[in-house]
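The values are calculated or read from the model by the stated rules, or taken from the named source; none is laboratory data. None of the values given here were measured: they were computed from a predicted structure. Using ideal geometry, Cβ is built from the backbone for each residue, glycine included, and neighbour counts are taken over all protein chains shown. Side chains included, ligands, DNA and RNA excluded: accessible areas come from the protein's heavy atoms. Shrake-Rupley method; radii C 1.70, N 1.55, O 1.52, S 1.80 Å.
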Amino acid sequence: MGVALLRAQESSRPDRLFDDPYARHFLQAVDPAISPWAAGPSPATARFLQIMAEQVAIRTQSLDRALLDAAEGGCEQVVLLACGMDARAFRLAWPPGTKVFELDFADVLAFKAAVLDGRGATAACHRVEVATDLRQDWPRALTESGFDPERQAAWLAEGILYALPPEAADLLLDRITALSAPASVLALDHMEDSELLRSARADIAAELVDLWRGGPTENLDAWLTRRGWQPTVTGIAEAAAACERPIPPAFDPARADAGRGWLATAHLPKPR
C-alpha cells in the first residue's frame, strides 16, 4: 500500500507526472490496523515516503510510457507481474484490442476487484486476472488464462527484482524469456539497498529490514543481454533530470548513505 499512497500523493500535485485516481480508493478501503500506510502519517512513514516519493513518481511515468509504446508498437498482450494495486488497466489509454494480464495472489486480486467494482471502474482494455504465486508455476497459470507465447508481449516487472534473491531473479527472467515471442518488450526497475533505505524501513517495522534480497548479481545490461534481450538502462538520477524532478534522496550520488537505482526497457529482437 505504500506505493498506492505515493501514487495518490503524486496524483494530487498540479505538476504530477501521471494521474492515478484509483490509488486513494485502495487506501480508503484497507484496514488501518493491518497497514501502516493507511493508518495515518507517522514520523517513520513520513520519512520513508519522503525518501521514495520522487523515485516512485519517476518510475511510474517511465514504465507507463514503456508499456504504452510497446502496445502501440504491436504488443497486444501486456503482463503485469505481481501487480498489487497497479491500476494501469484502468487509467492508461490502451490501443484497441489490448489484453492486460494481472498476476498476483488471489486475495490481492479479490481486494482490488472489490474496490474497483465498488467505484464502478471500467477497464480501458480486456483485463484478465491470473491468481498465482510467482514462486510457483505461474507460466502455466498465465497460458491457461489465454496468454499466447507465440505472439509478442509487453512485460512489467515493477518493484520486484530487488525483493528476490539472485537465483529467483534469474528464474523470473528465464521464464519471461521462454514465454516471449520476437519483438516482445520487458520494462522493469531495480535498485540497490543502502544505509538510508535500511534505516528508514527499520523505523517502520522490523520485518521490512529484510525486504531487499539483492536481485541480479550482475548489472542489468549484462543480465538482460545474456538472455537475448537488447536493453536500454537509465539511472534514476538521469531519469529525474529528464522529468525536471530532484534526484530522490535514496539515489543521490552526493550522499554517502545512498545507493543506485535504474529503469530499463529491453526488446527481444526479431530473427534476421
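Some values worked out for this structure:
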| item | result |
| --- | --- |
| Per residue solvent-accessible surface (Å²) - the range 52-268, probe of 1.4 Å | 42 |
| Rough spin-label spacing in nm, given labels placed 7 Å along Cα→Cβ, for R13 and A205 | 2.6 |
| Extension gain, A44 back to A183 (0.36 nm per residue minus Cα-Cα distance, nm) | 45.7 nm |
| GluC sites (Glu not before Pro), loop per DSSP, at most 16 other Cβ atoms within 10 Å - longest free stretch of the chain | 1-149 |
| Hypothetical label at R65: residues of the range 160-204 whose amide nitrogen lies under 17 Å (7 Å Cα-Cβ projection) | 186-190 |
| DSSP bridge pairs, the range 126-272: antiparallel proportion in percent, nearest 5 | 75 |
| Net +/- balance of residues flanking A66 in space, Cβ distance below 15 Å, scoring K and R +1, D and E -1 | -3 |
| Gaussian network model of the chain, springs between alpha carbon atoms under 10 Å - residue of A163, A114, A131 with greatest fluctuation | A114 |
| The range 143-252 shape via C-alpha gyration tensor axes, a/c threshold 1.5 | prolate |
| Mean Kyte hydropathy of -0.5 or more with a Cα span along the axis of at least 24 Å, helices from DSSP in the chain | 43-72 |
| Dipole in debye (nearest 20) - the range 52-268, about Cα centre, beta carbon charges: Lys, Arg +1; Asp, Glu -1 | 360 |
| For L92, net neighbour charge (Lys/Arg +1, Asp/Glu -1) across residues whose Cβ lies under 12 Å away | -2 |
| Of the trypsin sites (Lys or Arg not before Pro) in the range 131-215, those whose Cβ has at most 16 other Cβ within 10 Å and which sit in DSSP loop | R135, R151, R213 |
